[in-house]
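The values are calculated or read from the model by the stated rules, or taken from the named source; none is laboratory data. If you're wondering where the values come from, they're calculated on a predicted model, not measured in any experiment. When we count neighbours, we look across all protein chains shown, and the Cβ atoms used for this are built from the backbone with ideal geometry, even at glycine.
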Amino acid sequence: MPSIAFLGAAQTVTGSRHLLTTRGGKKVLIDAGLFQGRRELRDRNWAPWTQGKVDAVVLTHAHIDHTGYLPRLCAQGVVSRVLCTQATRELSALLLPDSGHLQEEDARHANERGYSKHHPALPLYTAADAQAAVQRLEPFPYDTPVDVVEGVQFTFRRAGHILGSAFLDLRVEGKRILFSGDLGRYGTPLLADPEDATPADALLLECTYGDHAHPDEPAADQLARAIGEAIQRGGPLLIPAFAVGRTQELLFLWRGLEHDGRIPKLELFVDSPMATDVTPLYLKHPEDQSAAIRDLLRQNVRPLNPARLTFVRGGAESAKLLEKTGFFAVIAASGMASGGRILAHLERHLPNPRATVLLVGYQAEQTRGRQLLEGAKEIKMRGGMVKVAARIEQMSGFSAHADWREEERWLSRAPPPGRVFLVHGEPVALEAQRARLAAKGWRVEAPQPGQVSEI
């Protein structure tokens, strides 16, 4: 019978890698994610790949914690083919080379400043490796069965998490397995709702918010209040945000708040080449768009363009922005302040008590974002310590992950699965969801890293 090895996103939210092995020995890796966050997790990216040849990799979506290990696997010559949705391919063509570039930059900084334990420090893979991996991606539409290898067929179903995100409806050797990927929310500004769950013998269910319910207050109201309070402090307002999804949602709501007169027309900079390139893609794929986006486009309204928006692409422009004074707002990656241009803005403005840092997404353990959220007085950044005097705010209305109530709604659309494996969650969230489903009489467990389970 088929088996699944839980190689990543087991007892943690990062590094999604689930290896399906058929009775005939075919291997299909569902997601090839990079471990992010605390050092112990990041070190796992350097562990040797011991699973041998992989007949196929199927990507649920383009986020680096689901795709970022793919270039290393491809460079090692162990991957036969890689499958994804069309939008995931387009996003990955931006995200993966950027990931390689950031790792090259981190290695360079480590060598210049001497804070690596390895001499010389090397990147996990290069931008060129990532470009080569992108060329391997085969795109397929939603709701179309795909024969991936002998005895394994899957269908992409819209997940509503980011552009191109899917959950997998997979059939193998008489079994039906659902891989939730990252499940999105209902009624979001940008994206259509997730498709209904389907019957399954086994379900791998993400549990990012297994112990959490998102606030009922609309995200637009939270954002309007946060902007108003930041203006009163004098600024600047720094918003670490993922270049894919979160940045575009912020832009949509920001434009709407301006249009409704709830905030003044403010200088807003998106300091991210990737977000600059990603934003037009959200207007290109009607299969993923919400009704609100489609309606505005029909009216010839630019739904992601606040009045005083500037996209910052070049490094010189970004450096110049660091010298700007007075009130302005910057949106820059990464969303957990684990890398990217937001680091330079934080180094520059965290010591300023008039500045505001607005955290608008999940902050994984031991990331800089989590440290700021937990009230750190100083944080380590690229070999030095930076004092934290700025005001740190958080809003959770922007989450792209379903909370436990939304997962209940999604699960209610299909009969109870034969087995449930809880993944992509911290231990507390996993246990909360396990107890909730077990109380219904469901057969449910939260696998340990490296665990292999027969289906």
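Quick test for you: out of 234, 261, 245, pick the one residue that is crowded, with 24+ Cβ neighbours inside 10 Å and either β-branched (Val, Ile, Thr) or not assigned by TED's automatic domain parsing to the domain that holds residue 87 (or both).
Values: 234 fails: crowded, with 24+ Cβ neighbours inside 10 Å; 261 fails: crowded, with 24+ Cβ neighbours inside 10 Å.
Answer to the selection: 245.
Of the numbered conditions (1) under 30 Å from residue 428 (Cα atoms); (2) modelled with pLDDT of 95 or more, residue 42 fails exactly one; give the number of that condition.
Result: residue 42 passes all but (2).
Mind listing just one residue for me: the one in segment 353-367 that is within 21 Å of residue 210 (Cβ to Cβ) and in contact (Cβ under 8 Å) with a residue 40 or more places away in the chain and, of those, farthest from the chain's Cα centre (by Cα)?
If we filter segment 353-367 for residues that are within 21 Å of residue 210 (Cβ to Cβ), which is where we start, we get 359-367.
Among the residues that remain, those that are also in contact (Cβ under 8 Å) with a residue 40 or more places away in the chain are: 359-362, 364-367.
On the way: 359: 15, 360: 13, 361: 10, 362: 9, 364: 11, 365: 15, 366: 17, 367: 14 Å.
Among residues in segment 353-367 that are within 21 Å of residue 210 (Cβ to Cβ) and in contact (Cβ under 8 Å) with a residue 40 or more places away in the chain, the one farthest from the chain's Cα centre (by Cα) is 366.
Are any of the residues in segment 111-127 within 22 Å of residue 206 (Cβ to Cβ) and crowded, with 18+ Cβ neighbours inside 10 Å? Outline the logic, then answer.
Here is the first cut: in segment 111-127, the residues within 22 Å of residue 206 (Cβ to Cβ) are none.
For segment 111-127, residues within 22 Å of residue 206 (Cβ to Cβ) and crowded, with 18+ Cβ neighbours inside 10 Å: absent.
With (1) within 20 Å of the chain's Cα centre (by Cα); (2) touching a residue at least 24 places away in the same chain (Cβ under 8 Å) as the list, and residue 78 as the residue in question, which single condition is left unmet?
(1)
Among 346, 304, 358, which is the only one that is modelled with pLDDT of 95 or more and under 20 Å from residue 382 (Cα atoms)?
Only one candidate passes the filter, namely 346.
Here are 130, 166: which of them is of a type in the set (A, V, I, L, M), crowded, with 22+ Cβ neighbours inside 10 Å and closer than 22 Å to residue 425 by Cβ?
Numbers: 130 fails: closer than 22 Å to residue 425 by Cβ.
One residue alone meets the criteria, 166.
Restricting to segment 382-398, name every residue that is small (Gly, Ala, Ser), buried (at least 18 other Cβ atoms within 10 Å of the Cβ) and at pLDDT 95 or above.
Matches in segment 382-398: 390 only.
Identify the single condition in (1) modelled with pLDDT under 95; (2) out of contact with any Gly (no Cβ under 7 Å at 6 or more places or on another chain); (3) not aliphatic (A, V, I, L, M) that residue 214 does not satisfy, given that it satisfies every other one.
In the conditions (1) modelled with pLDDT under 95; (2) out of contact with any Gly (no Cβ under 7 Å at 6 or more places or on another chain); (3) not aliphatic (A, V, I, L, M), residue 214 misses (2) alone.
Can you confirm whether segment 18-25 contains a residue that is over 18 Å from residue 153 (Cα atoms) and in contact (Cβ under 8 Å) with a residue 24 or more places away in the chain? Before you say what the answer is, go through the steps one by one.
Step one: list which residues in segment 18-25 are over 18 Å from residue 153 (Cα atoms), which gives none.
No; the residues of segment 18-25 include none that is over 18 Å from residue 153 (Cα atoms) and in contact (Cβ under 8 Å) with a residue 24 or more places away in the chain.
Condition test on residue 174, is it free of Cβ contacts under 8 Å to residues at least 24 places away in the same chain and within 30 Å of residue 437 (Cα to Cα)?
Numbers: free of Cβ contacts under 8 Å to residues at least 24 places away in the same chain: yes; within 30 Å of residue 437 (Cα to Cα): yes.
Considered against the rule, which asks whether it is free of Cβ contacts under 8 Å to residues at least 24 places away in the same chain and within 30 Å of residue 437 (Cα to Cα), residue 174 comes out as yes.
Could you please find all residues in segment 69-107 being surrounded by fewer than 18 Cβ atoms within 10 Å (Cβ to Cβ) and either assigned by TED's automatic domain parsing to the domain that holds residue 384 or at pLDDT below 85 (or both)?
Passing the criteria: 105, 106.
Which count do you get for residues in segment 1-55 that are of a type in the set (A, V, I, L, M) and either within 15 Å of residue 72 (Cα to Cα) or in a helix (DSSP H, G or I) (or both)? Step through it out loud before you land on a result.
Going residue by residue through segment 1-55, those that are of a type in the set (A, V, I, L, M) are 1, 4-5, 7, 9-10, 13, 19-20, 28-30, 32, 34, 41, 47, 54.
Still in the running and either within 15 Å of residue 72 (Cα to Cα) or in a helix (DSSP H, G or I) (or both): 29, 32, 34, 41, 47, 54.
The total comes to 6.
Of the residues that sit in segment 436-455 and are part of a strand (DSSP E or B) and in contact (Cβ under 8 Å) with a residue 40 or more places away in the chain, which one is surrounded by the fewest Cβ atoms within 10 Å (Cβ to Cβ)?
Just the residues of segment 436-455 that are part of a strand (DSSP E or B), to begin with: 444-445, 452-454.
Remaining after also requiring in contact (Cβ under 8 Å) with a residue 40 or more places away in the chain: 452-454.
Details: 452: 12, 453: 14, 454: 10.
Going through the qualifying residues, I end up with 454.
Of the residues that make up segment 139-146, is at least one of a type outside the set (Val, Ile, Thr), buried (at least 17 other Cβ atoms within 10 Å of the Cβ) and within 20 Å of residue 79 (Cα to Cα)? Write out each step before concluding.
Filtering segment 139-146 for residues of a type outside the set (Val, Ile, Thr) gives 139-143, 145.
Subset that is buried (at least 17 other Cβ atoms within 10 Å of the Cβ): 140, 142.
Narrowing the set further to residues that are within 20 Å of residue 79 (Cα to Cα) leaves 140.
Yes.
If you check 409, 405, which single one turns out to be more than 19 Å from residue 430 (Cβ to Cβ) and at pLDDT 95 or above? Break it down into steps so the answer makes sense when it comes.
Values: 405 fails: more than 19 Å from residue 430 (Cβ to Cβ).
Unique residue meeting the criteria: 409.
Determine whether residue 353 is surrounded by fewer than 22 Cβ atoms within 10 Å (Cβ to Cβ) and in a loop (DSSP other than H, G, I, E, B). It would help to see each step written out before you state the result.
Details: surrounded by fewer than 22 Cβ atoms within 10 Å (Cβ to Cβ): yes; in a loop (DSSP other than H, G, I, E, B): yes.
Yes; evaluated as a whole, the condition is true for this residue.
Restricting to segment 407-455, what's the tally of residues that are of a type in the set (Asp, Glu) and touching a Ser or Thr at 6+ places or on another chain (Cβ under 9 Å)? Steps first, please.
Of segment 407-455, the ones of a type in the set (Asp, Glu) are 407-408, 426, 431, 445, 454.
So of that shortlist, the ones also touching a Ser or Thr at 6+ places or on another chain (Cβ under 9 Å) come out as 407, 426, 445, 454.
Total meeting the criteria: 4.
For (1) in contact with a helix residue (DSSP H, G or I) (Cβ under 7 Å, 6 or more places away or on another chain); (2) over 25 Å from residue 12 (Cα atoms), each residue gets a yes or a no:
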| position | (1), (2) |
| --- | --- |
| 64 | yes, no |
| 77 | no, yes |
| 94 | yes, yes |
| 99 | yes, no |
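If we scan segment 223-233, do we find a residue that is under 21 Å from the mean Cα position of the chain (by Cα), within 29 Å of residue 89 (Cα to Cα) and in contact (Cβ under 8 Å) with a residue 12 or more places away in the chain?
So the first thing to find is which residues in segment 223-233 are under 21 Å from the mean Cα position of the chain (by Cα), and the list is 223.
From what's left, within 29 Å of residue 89 (Cα to Cα): none.
No, there is no match, as no residue in segment 223-233 is under 21 Å from the mean Cα position of the chain (by Cα), within 29 Å of residue 89 (Cα to Cα) and in contact (Cβ under 8 Å) with a residue 12 or more places away in the chain.
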